[in-house]
Amino acid sequence: MVESNGASKLSELESNIIRQLEYYFGDSNLNRDKFLQEQISKDDGWVPVKTLLTFKRLQALSEDEKVIVDAIEKSDEGLVQVSEDRTKLRRHPERPLPEQNEEHRKEVMSRTCYVKGFPLDADMNTLIEFFRGFDKVVNIVMRKYHDKGTKEYKFKGSVFATFATKDQAEAFLKLEGVKHNEVALIRKWQDTYNEEKREERNANKKKKDAAKEEEEKEKIELPKGATINLDGFDPEATREKIRESLQEALGTTQIAFIEFEKGQTSGHVRFQEADSAKGVLERCKDGKITVNDKEITVRVLEGEEEEEYLKEQINNIRERRQAFNSRHKGRRGGNRGNDKFNKGGKKRKADDALDGDDGDKVSKKQEVDA
């Protein structure tokens, strides 16, 4: 037998029936249960016991109307009223539903606890049975997430448990070593949990914003329609010769980058302004220029070929920047007086120079000739 707050004793079945009915007519459920609201609107708040017995949780406890009514009449809560003919139940008229406003929301939260550590396959019956041992949980919300793989909502292993009073919730939080299946449960006020999650979200947002800002700093855009391919070089051709020949033949000084290594037969030249490559090609006689007394074929990079080339160049620039930053990390300040780094206050030699146009790190293989 289970002691009630009054003088009468309740069987476990009666206690379970009372809890279930008071949940149905309680603040949390009745405010959102559209079916029960519809039933209440039909007969001055009265709901036939037969209708309530279509609810699976109550039906699982008993299908006998008399057992249901006898049990709820023993409740000392005064929430659920029994009709004179004992065939209908309703929420007591003197216990109207509270207005659903911000004040009420805060009041409910003030007696609600976050509890984590339940098995992921736990169901509501398991949770109800667990919280039955504490005075007095009036509502349990299973926290779930949508699993994209199965397209189902799955239990997170945590709940929001609302107690009848704040004192009861506080007493629950003060208990030592509350466990479920030998697993110690994490317990805290719901508003404490909410505040921690807000701080976590803000921290994650700051981290993402910082990463995005850093990404924006590292964002590299190269002009489109500004790259030509040169083919047909002899073994003695150099970047310097290529630059001089372009400037003499075309009168352009807007070269941003020359990709060429001595001994190669072809290379690329990228100009500073977008859509300038076609104009360069038009100034080449028959699409050719002369380098080291040898005719070199000039071709504009377009379409997919240009996209792939620019993507490769952007990756190369980013890698060289990272390598440059890694080599010189920590040098400023600590090595300022080191002759190897900064003799006489002058800048380092060209191996640490940066391209003013793209920010390319200059290497022996790929120099900026502009």
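Throughout, read-outs are computed from the coordinates displayed, never taken from laboratory work. Keep in mind that what you see is a predicted model, and the values were worked out from it rather than measured. Using ideal geometry, Cβ is built from the backbone for each residue, glycine included, and neighbour counts are taken over all protein chains shown.
Relative to the dominant Cα principal axis of the chain, helix 239-250 is inclined by about 80°.
The calculated FRET efficiency for the pair Gln264 and Glu215, based on their C-beta separation and a Förster distance of 35 Å, comes to about 0.55. Summary of the geometry: the range 86-150 and the range 241-285, compared by the centres of their Cα atoms, lie 73 Å apart. A helix-only calculation puts the chain at -11500 deg cm²/dmol for mean residue ellipticity at 222 nm, using -39500 (n - 2.57) for each DSSP H run of at least four residues, averaged over all residues.
Pairs from the table (Lys156/Lys188; Lys144/Lys174; Lys151/Lys188) lying more than 19 angstrom apart at Cα are Lys144/Lys174; Lys151/Lys188.
The stretch between Ser83 and Arg57 holds 7.2 nm of extra length on full extension. This uses 0.36 nm per residue minus the Cα-Cα distance. On a per residue basis, the convex hull of the C-alpha atoms belonging to the range 47-145 measures out at 155 Å³. Assuming charge only on the beta carbon of Lys and Arg (+1) and of Asp and Glu (-1), the dipole of the range 105-168 about its Cα centre is about 340 debye to the nearest 20.
Charged neighbours of Glu236, selected by a Cβ distance under 11 Å, balance to +1 (K, R count +1; D, E count -1). Amide H of Val47 versus every other amide H placed in the peptide plane: which residues, excluding those fewer than 5 positions away on the same chain, fall under 5 Å? Close amide H contacts, sequence-distant or interchain: Leu89, Arg90. For the chain, the Kirkwood hydrodynamic radius from C-alpha pairs, put into Stokes-Einstein at 37 °C and a viscosity of 0.692 mPa s, yields a diffusion coefficient of 115 µm² per second. So, in nm, how far is label Arg327 from label Asp123 when the simple model puts each one 7 Å beyond its Cα toward the Cβ? Using points 7 Å along Cα→Cβ, the separation is 6.7 nm. Just to confirm a number: summing +1 for Lys and Arg and -1 for Asp and Glu over residues other than Val82 whose beta-carbon lies under 10 angstrom from that of Val82, what do you get? In short, -1. Once both axes come from the Cα atoms, what is the angle between helix 190-218 and the longest principal axis of the chain, in degrees from 0 to 90, rounded to 10? Tilt relative to the chain: about 10 degrees. Let me know the number of lysine pairs in the range 4-70 closer than 19 Å at the Cα, not counting same-chain pairs under 8 apart. For the range 4-70, the number of qualifying lysine pairs is 7.
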